[in-house]
Amino acid sequence: MCGICGFVSFAGWSPAMLQAMNDVIFRRGPDGEGSLHCGTVGLAMRRLAIIDVAGGAQPVYNEDRSVAVVFNGEIYNYRSLREGLRARGHEFRSNSDTEVLVHLYEERGADLVRELEGMFAFALWDSSKQALLLARDRLGIKPLFIAQLAGGVLFGSEIKALLATGLVSRELDRQALDQFLTYTFIPAPRTIYRAITRVAPGTTVTIGPKAQVSARCYWEVPDPQVVQRTPAEWAERVEGGLLRAVESHLVSDVPVGAFLSGGVDSGLMVAMMAAATERPVETFTVGFADAGSSFMDERVYARMIAQRYRLNHHEINVEPRVTDIIQDIVAAFDEPFADDSVIPSYYVSQAAARFVKVALTGLGGDELFGGYRRHLGVRVGDAYRGVPRWLRERVVDPIIRRLPEPRTSSDLVDHLKRFSRASSASPSGRYQDSMSALPATQRARLYSRDALSQLDLAATAAILTDTFDGFRHGTSVDRALKTDLRWYLADDILTLTDRLSMWHSLELRVPYLDHRFVEEVMSIPANLKIRGFNQKRILKQVAAKWLPAPVIKHRKQGFEAPMGRWLRGPLKSLMQDTLGAACLAEAGIFDAAEIARLQSEHLAGVRKHSKVLFSLLMFQLWLAREREAAAPAAGQTRPAATFAA
């Protein structure tokens, strides 16, 4: 695990610039660094030593040094790949997983990625072809950004590496801002900077001798396959596949721990870890001291699992000192990001990093098996469309509209109102509405008249509905799960976990996203994943063999923070200062009166506006940092931070 950065250029970009790029991502790899600067190419990396601690330095070369690579991630099948390569005459100088890449490339070229099982982003230089190959893993677990400039192409694990060159325009993308305010993150390929894009999951990018760029998708989320199996047979295959994935993800030369939420996904994963290892597993659970016993606190269930499997279990009791860490969180992402699980994720990563360098997480279970409320909503919505129209429009929907607005945390009324509002829409439209923090009509009121005139609010919705509609096979639930895997998982959940774990120099691994396991699970019929109101049915059937019954039967709780409460408490002053009229006027993007109204209603408990207020707060905090970074130092000229349509 590490961070990578570099360039291909015919403009004489210097080793000093390469070093500047590498310096700003030092948190991704404090154990060492390495670089190559040779003519038109620069490659650099920061190392977090996990495999072959003594001998795994990078860049890594082939036998005649005509191929070099810098690599971020882990290749879980590297041992079997290395054995085959050695048998075919390749010579190895280390025991690292990185070295298999240069030798596989000699045999397979860019198709080497098809042989890899793992999470990765790498840059491979072929001096004989004067070409650079960039690659990102199938699910997008590891990040990769590029910027195409007049003098060449930059790449890096984080946006800050590209900005550190001083060559990238800091012109901001107004449409990306609208996407952020809609979804709380910015979906690929955009970033907040017009000049920087994300490499899509499952994609290779080749930069040729004249800096020409071509991208190729080598893996897609698979279509559901028609396979006739009973629920018991599917459960057996899921259990075996997950066991194999967990065991492969334990490959390491340093101790491996785990995040344990107390839910089915992480609980089952940890149980399998305990069965596969001799030493007690280090596990980490977070809870909130001020939020009341019912809010996102599954510590009692985590304790049950820890006791059954004799884990070395650590509980993190979070005090509401969010003002102490919020600037760190803003800095970690390099662009606006407002999924409110950033706060518990920050704390659990911080705690785990004190004990281990590597931790496994149960992320991906909900996306694969249909665990989110919106998945149930898609299924129920299809059935609701079968209710006579007159009954829906004249009886049910009017009753729901008359229900009082929710005032505190997200509740049934909020979801019913969303469901009713989108009931006449297509499946993709209903799904998009469930993913939106704010519908277009409400977002429009946030913007100043000038800003609104430069936005296409419909296009923000279309990026999601087009993805959903592009998956043409399977039920609405199948298509929702595929959209989650391609879109939400990569750009929200995996972005969040990568940035906050790497901020603490901690490697996170995701066994549920082993691509072989994903391909298997996506063949399970949706009606076996969700039966009635019973979600994740097949996974729970497996978990019943491994976990205490209360863990499986208790109501799902998301990994969220009590943001509504915090915006009325420890974050209140920061919110009022940051979203005050003077700060908003400086940006010229928002309608200060509308945002003042949202704050007033939320603070008074009249209506719940925590999602939009937290998003606005995180954007304004990020914008303040961006303006400070873009301000020219003495004697220097830097590209200014400006907005564009």
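The values are calculated or read from the model by the stated rules, or taken from the named source; none is laboratory data. Just so you know, these numbers come straight off a predicted model, no measurement behind them. Every residue, glycine among them, receives a Cβ derived from its backbone with ideal geometry; neighbour counts consider all protein chains shown.
Worth pointing out:
- Within segment 532-590, considering residues that are in contact with an Asp or Glu (Cβ under 8 Å, 6 or more places away or on another chain) and of a type in the set (Lys, Arg), the one nearest to Asp450 (Cα to Cα): Arg565
- Where strands (runs of 3 or more DSSP E) fall entirely within segment 122-182, those with at least 1 residues that are closer than 17 Å to Ala68 by Cβ are at 131-136, 152-156.
- Restricting Cys38, Cys2 to residues that are surrounded by 24 or more Cβ atoms within 10 Å (Cβ to Cβ) and either in contact with a Pro (Cβ under 7 Å, 6 or more places away or on another chain) or not small (Gly, Ala, Ser) (or both) narrows the list to Cys2.
- Qualifying residue in segment 253-264 (condition: surrounded by 19 or more Cβ atoms within 10 Å (Cβ to Cβ), within 24 Å of the chain's Cα centre (by Cα), among the β-branched types (Val, Ile, Thr) and within 30 Å of Asn312 (Cα to Cα)): yes
- All positions within segment 364-391 that are at pLDDT below 75 and either surrounded by fewer than 17 Cβ atoms within 10 Å (Cβ to Cβ) or under 23 Å from the mean Cα position of the chain (by Cα) (or both): Asp382, Ala383, Tyr384, Arg385, Gly386, Val387, Pro388, Arg389, Trp390, Leu391
- Residue list for segment 45-74, filter: assigned to a strand (DSSP E or B) and touching a residue at least 60 places away in the same chain (Cβ under 8 Å): Val67, Val70, Phe71, Asn72, Gly73, Glu74
- Single match in Asp324, Asp328, Asp297 (criterion: among the acidic types (Asp, Glu) and under 19 Å from the mean Cα position of the chain (by Cα)): Asp328
- Residue tally, condition crowded, with 24+ Cβ neighbours inside 10 Å, charged (D, E, K, R) and farther than 30 Å from Ser453 by Cβ, over segment 143-179: 1
- Filter result for the condition that a residue is crowded, with 17+ Cβ neighbours inside 10 Å and out of contact with any Asp or Glu (no Cβ under 8 Å at 6 or more places or on another chain), over Ile186, Ile192, Ile207: Ile207
- Condition met for Thr361 (modelled with pLDDT of 95 or more and of a type in the set (Ser, Thr, Tyr)): yes
- Segment 550-593: number of residues that are of a type outside the set (A, V, I, L, M), without any contact (Cβ under 8 Å) to a residue 60 or more places away in the chain and farther than 30 Å from Arg299 by Cβ: 6
- Members of segment 51-67 that are crowded, with 23+ Cβ neighbours inside 10 Å and not polar (S, T, N, Q): Pro59, Val60
- Residue that is nearest to Gly474 (Cα to Cα) [pool: residues in segment 204-223 that are of a type outside the set (A, V, I, L, M), modelled with pLDDT of 95 or more and under 22 Å from the mean Cα position of the chain (by Cα)]: Trp219
- Some residue of segment 342-349 being closer than 30 Å to Val612 by Cα, touching a His at 6+ places or on another chain (Cβ under 6 Å) and outside the structural domain of Leu623 (by TED's automatic domain parsing): yes
- Which listed residue, of Tyr447, Tyr488, is over 22 Å from Ala188 (Cβ atoms), modelled with pLDDT of 95 or more and out of contact with any Lys or Arg (no Cβ under 9 Å at 6 or more places or on another chain): Tyr447
- Complete set of residues in segment 11-44 that are of a type in the set (D, E, K, R) and either part of a loop (DSSP other than H, G, I, E, B) or closer than 20 Å to Ala359 by Cβ (or both): Arg27, Arg28, Asp31
- Between Trp503, Trp487, the distinction of being assigned by TED's automatic domain parsing to the domain that holds Ala526, more than 27 Å from Arg354 (Cα to Cα) and touching a Ser or Thr at 6+ places or on another chain (Cβ under 8 Å) belongs to Trp487 only.
- Among the residues making up segment 14-25, those that are of a type outside the set (A, V, I, L, M) and either buried (at least 23 other Cβ atoms within 10 Å of the Cβ) or closer than 9 Å to Ala161 by Cα (or both) are Asn22, Asp23.
- All positions within segment 224-246 that are surrounded by 14 or more Cβ atoms within 10 Å (Cβ to Cβ), closer than 12 Å to Pro525 by Cα and either β-branched (Val, Ile, Thr) or at pLDDT below 95 (or both): Pro224, Arg229, Pro231
- Of all residues in segment 506-521, those satisfying the criterion of being touching a helix residue (DSSP H, G or I) at 6+ places or on another chain (Cβ under 6 Å) and either outside any strand (DSSP E or B) or surrounded by 24 or more Cβ atoms within 10 Å (Cβ to Cβ) (or both) are Leu506, Pro511, Tyr512, Asp514, Phe517, Glu520, Val521.
- From the list Arg47, Arg27, the lone residue that is within 26 Å of Leu506 (Cα to Cα), among the basic types (Lys, Arg), touching a strand residue (DSSP E or B) at 6+ places or on another chain (Cβ under 7 Å) and not assigned by TED's automatic domain parsing to the domain that holds Phe333 is Arg47.
- Any hit, segment 94-105, residues being of a type in the set (Phe, Trp, Tyr) and either closer than 26 Å to Phe10 by Cα or at pLDDT 95 or above (or both): yes
A quick yes/no check of all residues on (1) at pLDDT below 80; (2) in contact with a helix residue (DSSP H, G or I) (Cβ under 8 Å, 6 or more places away or on another chain); (3) farther than 20 Å from Thr497 by Cα:
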{"site": "Ser294", "(1), (2), (3)": "yes, no, yes"}
{"site": "Asp297", "(1), (2), (3)": "yes, no, no"}
{"site": "Ala306", "(1), (2), (3)": "no, no, yes"}
{"site": "Tyr309", "(1), (2), (3)": "no, yes, yes"}
{"site": "His314", "(1), (2), (3)": "no, yes, no"}
{"site": "Glu319", "(1), (2), (3)": "yes, no, yes"}
{"site": "Ile325", "(1), (2), (3)": "no, yes, no"}
{"site": "Pro336", "(1), (2), (3)": "no, yes, no"}
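- Residues satisfying the stated conditions in segment 266-285, i.e. crowded, with 16+ Cβ neighbours inside 10 Å and touching an Asp or Glu at 6+ places or on another chain (Cβ under 7 Å): Thr285
- Hey, Pro201 assigned to a loop (DSSP other than H, G, I, E, B) and under 20 Å from the mean Cα position of the chain (by Cα) or not: yes
- Those strands (runs of 3 or more DSSP E) lying entirely in segment 220-330 with at least 1 residues of a type in the set (A, V, I, L, M, F, W, C) and without any contact (Cβ under 8 Å) to a residue 60 or more places away in the chain: 312-318
- Verdict on Arg499 being assigned to a helix (DSSP H, G or I), buried (at least 23 other Cβ atoms within 10 Å of the Cβ) and charged (D, E, K, R): yes
- Residue check for Arg108: part of a helix (DSSP H, G or I), closer than 21 Å to Ser128 by Cβ and basic (Lys, Arg): yes
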